1. For segment 187-240, how many residues are within 10 Å of the chain's Cα centre (by Cα) and crowded, with 24+ Cβ neighbours inside 10 Å?
2. For segment 44-78, give me each residue that is at pLDDT below 80 and either closer than 24 Å to Leu230 by Cα or not small (Gly, Ala, Ser) (or both).
3. Asp133 is checked against (1) modelled with pLDDT of 80 or more; (2) farther than 30 Å from Leu160 by Cβ; (3) surrounded by fewer than 19 Cβ atoms within 10 Å (Cβ to Cβ); (4) out of contact with any Leu (no Cβ under 7 Å at 6 or more places or on another chain) and fails just one. What number does that condition carry?
4. What pairs come out if I take residues in segment 184-196 that are within 14 Å of Thr12 (Cα to Cα) and pair them with residues that are of a type in the set (Asp, Glu) and in a helix (DSSP H, G or I) whose C-beta lies under 8 Å away, six or more apart or interchain?
5. For the condition under 30 Å from Lys163 (Cβ atoms) and at pLDDT below 80, what is the one hit in Leu122, Leu85?
6. Got a sec? Which helices (runs of 4 or more DSSP H) wholly within segment 158-240 have at least 3 residues that are of a type in the set (Phe, Trp, Tyr) and either modelled with pLDDT under 90 or touching a helix residue (DSSP H, G or I) at 6+ places or on another chain (Cβ under 6 Å) (or both)?
7. Tell me which residues, restricted to segment 23-39, are closer than 15 Å to Phe189 by Cα and at pLDDT below 80.
8. Could you give every pair whose Cβ atoms fall below 7 Å, whose first residue belongs to segment 143-167 and is over 18 Å from Leu222 (Cβ atoms), and whose second residue is aromatic (Phe, Trp, Tyr), counting only separations of at least 6 or pairs across chains?
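The values are calculated or read from the model by the stated rules, or taken from the named source; none is laboratory data. Model, not experiment: these values are computed from the prediction. In this analysis, Cβ positions are derived from the backbone assuming ideal geometry, glycine residues included, and neighbour counts consider all displayed protein chains.
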Amino acid sequence: MFGIPLHIVLPTLIGSLIAGGICSVMGIFVVRMNLSSLGFAMSHAAFAGAALGIAVSGLDPLLMAILFAVAMAAVLGPLSELSRLNPDTIIGAIFPLMMALGLIFLSLAPSAGIGSGALSLLWGSVLGITMSDVIKLGILAVVLLFVLGVFWKEFLAVLLDRKLAAASGIPVRVYYYTILFLTALVVAFSLRITGGLLIYTLMILPASAAYQLLYDIKKVFLAAPLIGALSSLLGFILSL
């Protein structure tokens, strides 16, 4: 495709489609449950973690991104429920801290510099992903679909009305935190493709578009990942 070797194009195409799909699926929860600020903070926490992994020799950037994103979910979940402050206020204080840490870690990275691999954490590097990255994304997608499929009714109830779900005997908090942790994992695994500055957009816009076009929530779950995957594919083609 456009003179690029197939062994580079193929992982990029597959990875872009998977990342666009799974980000959009979690975006459905993020948009509907008003978790946009939480998703925003987690995306930059993952960026800071990955930057630390690059700056310190011997650390795995993906593992550090996962740890930072999951830790952010574990911290912000209770804070958003228990604090007297508006969640946006809390996140407004944490977000610049994560962004600052990420940039500090990048400045300490041995390969830091304009156009370096370290800065791909900011903007993403679709042509830099390997088949190993694609396999990891594929496994995450399968796990995500399995969890949502097995507990579909419970997740749907929590998505639509948490109070009614709690009154029906559903352990809302368990599913709420599961959503946060799944979002954190999706953010961390997709970071290398989309970058810390754009991954939030890939979560929010396809889901928002699906909500605007459709009223049936089941159709939204079909349309959002399709929009996200096609948007990623179109973006890749236009960038060539």
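1. 10
2. Of all residues in segment 44-78, those at pLDDT below 80 come to 57-58, 76-78.
Answer for segment 44-78, where residues must be at pLDDT below 80 and either closer than 24 Å to Leu230 by Cα or not small (Gly, Ala, Ser) (or both): Leu76, Pro78.
3. (3)
4. Arg192/Asp133; Ile193/Asp133
5. Numbers: Leu122 fails: under 30 Å from Lys163 (Cβ atoms).
The conditions single out Leu85.
6. Working: elements: 162-167, 172-194, 199-213, 217-239.
The qualifying helices (runs of 4 or more DSSP H) are 172-194.
7. Matches in segment 23-39: Gly39 only.
8. From residues that are over 18 Å from Leu222 (Cβ atoms), the pairs are Glu154/Tyr175; Val158/Tyr175; Val158/Tyr176.
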